[in-house]
Amino acid sequence: MHQNKKYPVTKTDEEWKASLTPDEYRVLRQKGTERPHTGEYNLHFEEGEYRCRACDTKLFESDSKFNSGCGWPSFDKSIEGTVEYLRDTSHGMIRTEILCANCGGHLGHVFDDGPTDTGQRYCVNSLSIDFKKE
């Protein structure tokens with residue numbers, strides 16, 4: 001989250017803690033991650049849409065999901081305007097962090113090594129998204 005940015009959905013830390021599980025809070029609000037190959041949506045390929053678990057914003061369509069083998073749900077594109085991109089230099093790496101543009105929740109990172117025409121791999125924590133079947 002941008003420290004000073006005002007998002008359309010804004011809550012206090014206590015309000016986020018009350019509406020999210022401890023693991024969801026750790027990922028979405030504290031930029032944590034889940035262990036690879038453990039998330040419920042890693043190998044999930046039903047038709048539908050993936051939404052921010054914190055604010056219910058539609059982020060990804062099922063037709064953009066693919067199995068990258070990295071251990072986290074992977075998408076080759078987001079729904080335009082729903083994801084914010086931040087330079088992340090943590091852990092001795094230079095990466096692009098992805099956040100929900102509606103609430104600032106941490107989703108994961110995007111990389112330029114995707115196998116589809118977009119060349120992108122949005123590597124997303126299952127704990128940061130929810131699935132709605134079509």
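A short reminder: the numbers here are calculations on the coordinates, not readings from a lab. Every value quoted in this text rests on a predicted model; they were computed, and no experiment measured them. All Cβ positions, glycine included, derive from the backbone under ideal geometry; neighbour counts span all protein chains shown.
Residue-wise, which Karplus ³J(HN,Hα) couplings in Hz belong to region 122-134, taking 6.51 cos²θ - 1.76 cosθ + 1.60, θ = phi - 60°, and x for glycine or proline?
For region 122-134, the Karplus curve yields 7, 9, 10, 6, 4, 5, 9, 10, 10, 10, 10, 5, 6 Hz.
What list of ³J(HN,Hα) values in whole Hz, one per residue of region 19-34 in order, does the Karplus curve 6.51 cos²θ - 1.76 cosθ + 1.60 (θ = phi - 60°) give from phi, with Gly and Pro shown as x?
9, 10, 5, x, 5, 4, 4, 4, 6, 5, 9, 10, 6, x, 9, 9
Under a plain spin-label model, where a point goes 7 Å from the Cα along Cα-to-Cβ, how far apart in nm are residue 87 and residue 117?
3.2
Could you order the peptides 27-33, 124-130 from most to least packed, using the average number of other C-beta atoms within 10 Å per residue?
124-130, 27-33
At 0.36 nm per residue, minus the direct Cα-Cα distance, what do residue 35 and residue 80 gain on full extension? Give it in nm, one decimal, please. Please list the in-between numbers first.
Details: separation 45, 0.36 × 45 = 16.20 nm, distance 2.79 nm.
Length gained between residue 35 and residue 80: 13.4 nm.
For residue 43 and residue 13, FRET efficiency with R0 = 41 Å and r from the beta-carbon atoms, rounded to 0.05? Write down the numbers at each step before the final one.
Working: r = 33 Å, r/R0 = 0.80.
E between residue 13 and residue 43, to the nearest 0.05, is 0.80.
Between residue 6 and residue 66, how many nm apart are label points set 7 Å from Cα along the C-beta direction?
4.0
Relative contact order (percent) for region 13-133, with alpha-carbon contacts under 8 angstrom and 6 or more residues of separation?
Details: 259 pairs, mean separation 34.8, N = 121.
Reported as a whole number, the value is 29 percent.
Can you tally the net charge around residue 51? Count Lys and Arg as +1, Asp and Glu as -1, for every other residue whose Cβ sits under 9 Å from the Cβ of residue 51.
Values: positive: 53, 58, 132; negative: 49, 56, 130.
So the environment of residue 51 carries a net charge of 0.
Using only the C-alpha atoms of region 13-133, find the volume of their convex hull and express it per residue in Å³.
Details: hull volume 12.3 nm³, N = 121.
Spread over its residues, the Cα hull of region 13-133 gives 102 Å³ apiece.
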